[in-house]
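**Student:** This is the structure, below, for whatever I ask next.
The values are calculated or read from the model by the stated rules, or taken from the named source; none is laboratory data. Only a predicted model underlies this, so the values are computations on that prediction, with no experimental measurement involved. Cβ placement follows ideal geometry from the backbone for every residue including glycine, while neighbour counts extend to all protein chains displayed.
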Amino acid sequence: MADNNVRPETMERITNQELADQFIEEQVAELRNQIGDGKVLLALSGGVDSSVVAALLIKAIGKQLTCIHVNHGLMRKGESQQVIDVFKKELDDNLIYIDATDRFLDKLAGVEDPETKRKIIGEEFIRVFEEESNKLTGIGFLGQGTIYPDILESDGIKAHHNVGGLPEDVDFELVEPVKFLFKDEVRVVGKALGLPDAMVYRQPFPGPGLGVRCVGAITRDRLEAVRESDAILREEFEKAGLAGKVWQYFTVVPDFKSTGIKDGKRAFEWPAIIRAVNTTDAMEATVEHIDWALLDKITERITHEVPGINRVLYDVTPKPTGTIEFE
Ligand code: XMP
């Protein structure tokens, strides 16, 4: 028997729409064959991998698919809404949206250690997912957005950082239609499936989300400052044509305050730190040499529009010695 986890040598690299269409057609047939009239459950994060799996499954089996989107409260601005906007029409009641913000933030309250934060987020995610899936009946299959690098680098960054993952002790048969694809191929397929560019070309986003960018113990107000400053940064990068060009960019809000002046009064507030890096494999990274005028504009907006922020700092550290994230 062929090794189920080795990409077939005959498989052509998917580089254009025509090859993507062909892949989609083959996968739809294979999925129908594997699933028959069974029911599939998928954890839909809104990342490109799980979104492509959802779109493929919708095409193949329609309402035999149920998706659960867990909002852990650590999503970027507008991200959960985007998942709903893209998939609600086709999935209707089969898209289950769980706002678990309070559960996650209550569990994380006062926790400073980065790996403990990751562990709590990973474990709580499984718990919420299990609780919701237990309410459903007749599910025989579990969809997963595994891609080929996840198999090749089982000791890679995702595996290293993401404590937990999905439950392993369930009786579902796995459905992994993109497991032999590299990231660039997943994007080509996503585009061919008609997913919006904002989803298809999304920059990498860690599983624990903004939680690792709200350095130290997470508080709701500081988390909101991370979310709002990140939204401004993304908007300005997009306007400046940097969105598809810079590999990863985001803001971090550390747990310290410094003195500043707002409206003529002393303001003791947090700084927002901008990180913008380029890399091919995330193992090493260089800093984007960002245009000074753009930095000025972003600083002006963040300090005036985001409550609690009175300074903006630019991180000029490559990896190594810095990691890409702050935790
Ligand atoms: P670092 O900070 O280790 O990040 O230089 C390298 C890449 O991995 C992402 N990253 C994560 N991804 N779960 C993930 O799925 C995590 O816990 C996690 N931590 C970091 C990071 O965003 C960067 O792209």
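Let's see how each residue does on (1) of a type in the set (A, V, I, L, M, F, W, C); (2) farther than 28 Å from Val252 by Cα:
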site: His72; (1), (2): no, no
site: Lys88; (1), (2): no, yes
site: Leu95; (1), (2): yes, yes
site: Arg103; (1), (2): no, no
site: Ser133; (1), (2): no, yes
site: Asn162; (1), (2): no, no
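**Student:** Quick check on Ile121: is it assigned by TED's automatic domain parsing to the domain that holds His161, buried (at least 17 other Cβ atoms within 10 Å of the Cβ) and farther than 21 Å from Leu65 by Cβ?
**Tutor:** yes
**Student:** Please give the number of the condition Thr219 fails out of (1) surrounded by fewer than 18 Cβ atoms within 10 Å (Cβ to Cβ); (2) more than 16 Å from the ligand (Cβ to nearest atom); (3) not assigned by TED's automatic domain parsing to the domain that holds Tyr249.
**Tutor:** That leaves (3) as the condition not met.
**Student:** Just need a number here: residues in the range 295-308 that are touching a residue at least 24 places away in the same chain (Cβ under 8 Å) and either surrounded by fewer than 15 Cβ atoms within 10 Å (Cβ to Cβ) or among the aromatic types (Phe, Trp, Tyr) (or both).
**Tutor:** 2
**Student:** In the range 201-210, what count of residues is obtained for those that are assigned to a helix (DSSP H, G or I) and either out of contact with any helix residue (DSSP H, G or I) (no Cβ under 6 Å at 6 or more places or on another chain) or away from the ligand (no atom under 14 Å from the Cβ) (or both)?
**Tutor:** Total meeting the criteria: 1.
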